[in-house]
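Please read the structure below before turning to the comments.
The values are calculated or read from the model by the stated rules, or taken from the named source; none is laboratory data. For clarity, every value in this text was computed on a predicted model and none was experimentally measured. With ideal geometry, Cβ positions are generated from the backbone for all residues, glycine too; neighbour counts draw on all protein chains shown.
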Amino acid sequence: MARYVLNRLVVSALVLLGISAVVFFMLHLVSDSPGRIVLGQRVSPEAVAAFDHQHGFDRPVVVQYLDYLERLLHGDLGRSYKLNENVSTLIAQNAGRSAMLSLAGLVVALAVAVPLGILQAVRRNGLIDRTATAVSYMLYATPSFLLGLALIAVFSQQLELFPAEASQSHSPWAVLTDPRAMALPVITLAAGSVAVFAQYQRSSALDQLGQDYIRVARAKGLPERLVLTRHLLRNACMPLITLVGTLVPTLLAGNVIVESLFNYPGLGLLFLNSLQREDYPLLLAYTLMGGLLTVVGNLLADVLVAAADRRIEVRR
Amino acid sequence: MDSRKNLTVHGLSVEIRRGDRLVRPVADVTFELGRGETLGIVGETGSGKSMTGLAVMGMLPAGGRVTGGSIELGGRDLLTADPRRYRGREIAMVFQDSLTSLNPTKRIVDQVAEPVRLHRGASRRAARDRAREMLARVGVRRDGYPHQLSGGQRQRVMIAMALVCEPEVVIADEPTTALDVTVQAEILDLLDELRAQRGLSMILITHDMGVIAQRADRVAVMYAGRLAESAPTAEIFERTRHRYTRALLSSIPTLAQDRGEELFSIPGSPPDLARPEPGCPFAPRCDAASDRCRAELPPFTGTFACWHPVDGPVASADRGRFQRGETGETLLRVVDLVREHPTGRRTVKAVSGISFEVAAGETFGLVGESGCGKSSLGRLLVGLDRPDRGEIVFAGERVTRPRRAVQMMFQDSGAALDPRMRIGRILREPLAIHDVGDRRERVRRLLDDVGLPESVLDRYPYELSGGQRQRVGLARALALDPRVLVADEPVSALDVSIRSQVLNLMRRVQAERGLSAVVISHDLAVVRYLADRVGVMYLGKLVETGTTEEVFGAPAHPYTAGLLAAVPEGGRTGTPVRGEPPSPVDPPSGCRFRTRCALATDKCAQVEPPMTSLTGGHQVACHYPLQEGRDG
C-alpha cells in the first residue's frame, strides 16, 4: 500500500508540473507584459519596458518559467501585482475559510444524499423515489447563483430566518461559530451535489441490492435495517467515493459563485477580484491549486477505495 | 432416524404480482420432513422448487405472497410468525455459490459470527470464537476476505454461516451447482456428515438427479409449480409413476448408456406460469396424454398426480440410432500449444504444451475441472486468441486469425447473442461479413436444420427460451458451413429436458454435414455422449487421450479414474478425486496432478511423465498408469 501511494505521488507531482507549464504559457500568451497591467494605461511604453526589464519579464518565456518553478519550489508563489502582498500570504489568509465552507457543503451533501439514495433504492419507483428523483433533477438543472438568490429571497427577506450575508469573521471556524449566517451559503453549495450524489448512490444501491449477499444476509434473520447498514451501505458507497474525489476541485469552483453571492471572504472572492484586476500571479496560483486539488482528490479517492475494498489489488 | 415430523408444508400456494403480470410459481405443494431426514426437491428452471424454499424461509421476492396452505415447524405455524424469529435460527438456507454470495468487504469470520451475535446475543469476541470453531468444522482454516477463497471454500463458508446457530432445518438450494464434480462430492459429504451429527433435517433443492439419488431419503419432483410425484428415493427410481419423472429420468445422459442411441428427449418446453391452461401442465409435452389430461387437473394422490401413471417397466420408445460417421484424414492439428495470461506480477499458465489431432468428421472431447485451461484452448482453436508458442494447423495451413472453416458455439447463448439484434440479422451477419449471397434462403435452411420455426427471425434473443437460443447459437456457428465446430460447454446452461434435445440435434447435424467438432465440457456424460475421442485436461496439460471407450471404460490416469468416480451416479467404484486443483499461476513440479494423487512418489515430483502410448491411440502421461500397455 505504501509503495502504491508513493508511486501515485510521483505521478501526481509530474501531473502538477504539466499543469503549471500549461497555465504559465497560456497566461504568457494572454499578457506578456505585466508592466502595462501593473503601471496602468497612462504610463509611457518606455516605463513599461523598464519595469518589465527590471522584473525579468523581457527574458525568454522558458527562462521565466524555469525561474517561476524555482521560486515555486521554495514556496514562493510570486507577488500580487495589485495587492502589494505575497500570493502565498493572500492564499494562506483565505484558504482556511474556503476550505471550511467547501467541507461543510460536502458533509451536508453526503449526509443527505447517502441515506436518501439508499432509501430511494429500497423504495424503488415508489412515491419517495419519484419525488426525490424529480427534485434532484430540478436542483441539478438550477444554476447555483439562481438557487442562492432564491434562498435569500425566501429565507432571508421573506421569512427572515437567516441573514443574506455570510459571516464576515476572519476565523476559518465561522461555519461552526456562526452557523446561522453560514446556513444559506452551505445549503446553496450542497444542493447541486446532493442531486448528483443521491442519484449516484441510488443506482449503486440498486446494483448491490440485487447481489446474492443481501439475500444471504436476510436469510440469516437480520432485520432489514441491519441488512442495509451492515451489508449494503459500505458496498454501495464505493462508487460515490470515486465521484467525490473527482468533484473536490469543482467545490472550489462552486465557492467562487457562493462566496461572491454571499460576500464571504475566501479564495473564491479573491480569485474573482484578481480576475477583474488582471492580477496574473494570483490567477496562476489559483489555477495551480485547482490542479493540485484535482490530483489530490483523485489520489485520495483511489487510496480510500483500495482501503475499503480488499478485492482491489494494489499494483505498481 | 427420528420419525417425528419436523417441517410440514400443506397445500402451499404462492403468487407473485409484478405490474399486471400475475404468476403462480407454487401451487398446492405438500410435503413432510422428518427429523434427520433429507428431502430432495427436484425440477427444472421455473418448476417452483426454489420458490418453495424461499416461501418456507418467509423470503418471497417483492410482490410475492402465500395465497394458501400452511407451513408448520414442530407444530408451530410459520405463516403467522415473524420470519425474523425463525430465519437463520431454526431454519437456515445455503444458497448456490456465486462470487457475490458473500459480502465482499467483510471478513469471513465476521460474516459467520453475525447470526451468533444476532440470535444468541453473544459478545463480539464470543461470536468470533464460535465462528472460528464452525469454520474449522467445515474445513476452512484461513480468515480473510471472500475473494481470497476458492469456490469450494466459499461454499463451505456458506454452510458454516447457515449452521452456526444450530438450526433444525437447513434448506440447501443448488448447493453444488456451480462447483466441479470433485468439489461437489466433498461439499455433499460435509452436509451429510453435519446432518447426521446434529440430527438436522435437510431440504436439498437441485436439478441434478444424480445428486438426489445419492443423498435424499425422499424425493419430490416438481413441474410447473406443482408436485408431479413424491416418494422415497428408491421408489422414484425403481417404480416411477408420473410420466414427467419417467421422461426426465430417460433424458439424462449417463456414463452407462449406449452411445449409439439417441437420447430420449421431451418435446417442447415448460408452460408459461402467467397463463395457466386447464388440465395437467405436462399434457402438451406428454406422449400418453389423453383428452382428460388436457381438460382436468389430475389430483395429487399422495405419491403422484397423473391420470395415466406409468405402471411397471415401459417399453423403451423407439429411439433413433446414430450411424457412426466416417472419419477421414487429419483436419485439425494442434502442436505444443502454450498460452499464458500475465496478470500483474504473476502469470496464469492456462495452456502448457498441448498437442492433439482431430480427423475429418470426428468429434474430439475435452474434459477437465474449471480452471484447467480448456476454455482458453477453445478460444485459441477458433483464432479468438493467439498462442504464445506452438501452432494450430487446419487443413495444412497455420491458423492465426478467426476463419470461416472453424466456428464456435458458446456456452451461454443468452450472453453471446446481441440483445438488440433480431434473430434474422444475427444469422445473416456472418454471411454478410463473408459476402455470401442468397442469405435469406440460407438462413431459412439453417433454421430448418436446427428445428426452429421461421417466426423466430423477427424476434429478439430475450423473447426466446434457453433451448431456442442455444439452437440459434448452433445455427449461427453453422451459417458459414464450417468444417470444424468448437463447442464450449454447449448445454451446461440448459435444463435436463432441453439439454437432451440440443445434444441430439448436435449429433444429428454433425453426422449430416460430416462436421468435425471439438466439444469442451466439465460434464463427463455430455462429452462421452458426443465425442469419438477424448482428451482429459489437468492444469493446462493433457494427461490422457484415447477413444471414448478406452478413456471411459479403462481410464489409465489416476486423475481420469478419480473424476469418473466423483460423478454422482449410482454404482461406480474407485476413489474420487477430492479437493481443488492448485493454482495455475504456480503449478506443481514434475507431474502436475501429484499433489492430489494417491499414487504419487518422489519420482512424480522430480520427473514430468511423458505422454506414452498404451494401446493404439490410447495415451497417458503418468509414471504409474492404471492400465497395462501392450509393450510394458
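Conditions (1) of a type in the set (Gly, Ala, Ser); (2) free of Cβ contacts under 8 Å to residues at least 12 places away in the same chain; (3) touching a Gly at 6+ places or on another chain (Cβ under 9 Å); (4) in the same structural domain as B:Gly58 (by TED's automatic domain parsing), marked per residue:
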{"site": "B:Ala127", "(1), (2), (3), (4)": "yes, no, no, no"}
{"site": "B:Gly151", "(1), (2), (3), (4)": "yes, no, no, no"}
{"site": "B:Arg156", "(1), (2), (3), (4)": "no, no, yes, no"}
{"site": "B:Asp173", "(1), (2), (3), (4)": "no, no, yes, no"}
{"site": "B:Thr177", "(1), (2), (3), (4)": "no, no, no, no"}
{"site": "B:Asp180", "(1), (2), (3), (4)": "no, no, yes, no"}
{"site": "B:Leu190", "(1), (2), (3), (4)": "no, no, yes, no"}
{"site": "B:Gln197", "(1), (2), (3), (4)": "no, yes, no, no"}
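Only residues that are in contact with a helix residue (DSSP H, G or I) (Cβ under 7 Å, 6 or more places away or on another chain), touching a residue at least 24 places away in the same chain (Cβ under 8 Å) and part of a helix (DSSP H, G or I) were counted in the range A:248-285, giving 21.
How many residues are part of a helix (DSSP H, G or I) and facing chain B (nearest Cβ under 8 Å) when one looks only at the range A:214-225? Lay out the reasoning, then the answer.
Narrowing the range A:214-225 to residues part of a helix (DSSP H, G or I): A:214-219, A:224-225.
Subsequent filtering for residues that are facing chain B (nearest Cβ under 8 Å) retains A:215-219.
The number of residues fulfilling the criteria is 5.
Would you check if B:Asp110 is within 12 Å of chain A (Cβ to nearest Cβ), acidic (Asp, Glu) and either in a loop (DSSP other than H, G, I, E, B) or buried (at least 21 other Cβ atoms within 10 Å of the Cβ) (or both)?
No.
Taking the criterion of being assigned to a helix (DSSP H, G or I), in contact with a Pro (Cβ under 8 Å, 6 or more places away or on another chain) and closer than 18 Å to B:Ser251 by Cβ, would at least one residue in the range B:516-524 satisfy it? There is no residue in the range B:516-524 that is assigned to a helix (DSSP H, G or I), in contact with a Pro (Cβ under 8 Å, 6 or more places away or on another chain) and closer than 18 Å to B:Ser251 by Cβ. Residues considered: B:Gln148, B:Gln153. Of these, the only one that is out of contact with any His (no Cβ under 7 Å at 6 or more places or on another chain), within 12 Å of another protein chain (Cβ to nearest Cβ) and not aromatic (Phe, Trp, Tyr) is B:Gln148. Taken over the range B:540-563, the residue count meeting the criterion of being touching a Pro at 6+ places or on another chain (Cβ under 8 Å) and surrounded by fewer than 24 Cβ atoms within 10 Å (Cβ to Cβ) is 2.
Only helices (runs of 4 or more DSSP H) whose full extent lies in the range A:121-189 are considered here, and the ones with at least 1 residues that are of a type in the set (Val, Ile, Thr) and farther than 24 Å from A:Arg202 by Cα are A:174-177.
Hey, can you tell me all the residues within the range B:326-359 that are touching a His at 6+ places or on another chain (Cβ under 8 Å) and farther than 19 Å from B:Val536 by Cα?
Taking the range B:326-359 as the starting set, the residues that turn out to be touching a His at 6+ places or on another chain (Cβ under 8 Å) are B:347-348, B:350.
Answer for the range B:326-359, where residues must be touching a His at 6+ places or on another chain (Cβ under 8 Å) and farther than 19 Å from B:Val536 by Cα: B:Thr347, B:Val348.
Among the residues of the range A:193-202, none qualifies, meaning not one is touching a residue at least 12 places away in the same chain (Cβ under 8 Å) and within 14 Å of chain B (Cβ to nearest Cβ).
Conditions (1) outside the structural domain of A:Ala198 (by TED's automatic domain parsing); (2) β-branched (Val, Ile, Thr); (3) touching a Lys or Arg at 6+ places or on another chain (Cβ under 7 Å), marked per residue:
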residue: A:Arg36; (1), (2), (3): yes, no, no
residue: A:Pro60; (1), (2), (3): yes, no, no
residue: A:Gln64; (1), (2), (3): yes, no, no
residue: A:Leu69; (1), (2), (3): yes, no, no
residue: A:Tyr81; (1), (2), (3): yes, no, no
residue: A:Gln93; (1), (2), (3): no, no, no
residue: A:Ala99; (1), (2), (3): no, no, no
residue: A:Val107; (1), (2), (3): no, yes, no
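In the range B:52-72, what residues are of a type in the set (A, V, I, L, M, F, W, C) and either within 14 Å of another protein chain (Cβ to nearest Cβ) or in a loop (DSSP other than H, G, I, E, B) (or both)? B:Leu54, B:Ala55, B:Val56, B:Met57, B:Met59, B:Leu60, B:Ala62 - these are the residues of the range B:52-72 that are of a type in the set (A, V, I, L, M, F, W, C) and either within 14 Å of another protein chain (Cβ to nearest Cβ) or in a loop (DSSP other than H, G, I, E, B) (or both).
Answer with yes or no whether B:Thr100 is at pLDDT below 90, over 28 Å from the mean Cα position of the chain (by Cα) and either within 8 Å of chain A (Cβ to nearest Cβ) or closer than 13 Å to A:Ala217 by Cα (or both). It is false that B:Thr100 is at pLDDT below 90, over 28 Å from the mean Cα position of the chain (by Cα) and either within 8 Å of chain A (Cβ to nearest Cβ) or closer than 13 Å to A:Ala217 by Cα (or both).
This table checks each residue for (1) surrounded by fewer than 18 Cβ atoms within 10 Å (Cβ to Cβ); (2) assigned to a loop (DSSP other than H, G, I, E, B); (3) at positive phi.
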{"position": "B:Ser583", "(1), (2), (3)": "yes, yes, no"}
{"position": "B:Asp586", "(1), (2), (3)": "yes, yes, no"}
{"position": "B:Ser589", "(1), (2), (3)": "yes, yes, no"}
{"position": "B:Ala600", "(1), (2), (3)": "no, yes, no"}
{"position": "B:Ala605", "(1), (2), (3)": "yes, no, no"}
{"position": "B:Pro610", "(1), (2), (3)": "yes, yes, no"}
{"position": "B:Gly616", "(1), (2), (3)": "yes, yes, yes"}
{"position": "B:Tyr624", "(1), (2), (3)": "yes, yes, no"}
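Taking residues in the range A:63-75 that are of a type outside the set (A, V, I, L, M), and partners anywhere that are loosely packed, with under 13 Cβ neighbours inside 10 Å, the pairs with Cβ atoms closer than 9 Å and at least 6 places apart or on different chains are A:Gln64/A:Gly56; A:Asp67/A:Gly56. For the range B:136-158, the condition of being of a type in the set (Lys, Arg) and part of a loop (DSSP other than H, G, I, E, B) holds for at least one residue.
Give all pairs with beta carbons closer than 6 Å in which a residue from the range B:441-466 that is polar (S, T, N, Q) meets a residue that is surrounded by 12 or more Cβ atoms within 10 Å (Cβ to Cβ); count only pairs at least 6 apart in sequence or on separate chains. Note: pairs meeting the criteria are B:Ser465/B:Ser269.
Taken together, the criteria place A:Ile19 among residues that are at pLDDT 85 or above, assigned to a helix (DSSP H, G or I) and of a type outside the set (Lys, Arg).
Quick check on the range A:32-42. Is at least one of its residues touching a residue at least 24 places away in the same chain (Cβ under 8 Å) and not in a helix (DSSP H, G or I)? Checked the range A:32-42: at least one residue is touching a residue at least 24 places away in the same chain (Cβ under 8 Å) and not in a helix (DSSP H, G or I).
Test A:Ala205 against the stated conditions and say whether it is under 30 Å from B:Glu168 (Cβ atoms), of a type in the set (Gly, Ala, Ser) and at pLDDT 85 or above. Full working, then the answer.
Numbers: under 30 Å from B:Glu168 (Cβ atoms): no; of a type in the set (Gly, Ala, Ser): yes; at pLDDT 85 or above: yes.
Criteria not met by A:Ala205.
For beta carbons closer than 6 Å, sequence separation of 6+ or different chains, a first residue in the range B:480-500 that is charged (D, E, K, R) and a second that is surrounded by 22 or more Cβ atoms within 10 Å (Cβ to Cβ) and at pLDDT 90 or above, the qualifying pairs are B:Asp488/B:Gly378; B:Asp488/B:Ile520; B:Glu489/B:Ser521.
Based on what the data block shows, is A:Tyr81 under 28 Å from the mean Cα position of the chain (by Cα), surrounded by 15 or more Cβ atoms within 10 Å (Cβ to Cβ) and modelled with pLDDT under 80? Give the derivation first.
Details: under 28 Å from the mean Cα position of the chain (by Cα): yes; surrounded by 15 or more Cβ atoms within 10 Å (Cβ to Cβ): yes; modelled with pLDDT under 80: yes.
Yes: the conditions hold for A:Tyr81.
Here is the figure for the range B:73-93: residues that are part of a strand (DSSP E or B) and of a type in the set (Val, Ile, Thr) total 1. Give me a count of the residues in the range A:32-56 that are under 37 Å from the mean Cα position of the chain (by Cα) and acidic (Asp, Glu). Matching residues across the range A:32-56 total 2. The single condition among (1) away from every other protein chain (no Cβ under 12 Å); (2) in a helix (DSSP H, G or I); (3) under 30 Å from B:Glu72 (Cβ atoms) that B:Arg117 does not satisfy is (1). Here B:Val94, B:Val26, B:Val14 are screened, and the one residue that is away from every other protein chain (no Cβ under 14 Å) and closer than 25 Å to B:Gly210 by Cα is B:Val26.
From B:Arg528, B:Arg596, B:Arg592, grab the single residue that is among the basic types (Lys, Arg), under 22 Å from B:Ser500 (Cβ atoms) and in contact with a Ser or Thr (Cβ under 9 Å, 6 or more places away or on another chain).
Being among the basic types (Lys, Arg), under 22 Å from B:Ser500 (Cβ atoms) and in contact with a Ser or Thr (Cβ under 9 Å, 6 or more places away or on another chain) holds for just one of B:Arg528, B:Arg596, B:Arg592, which is B:Arg528.
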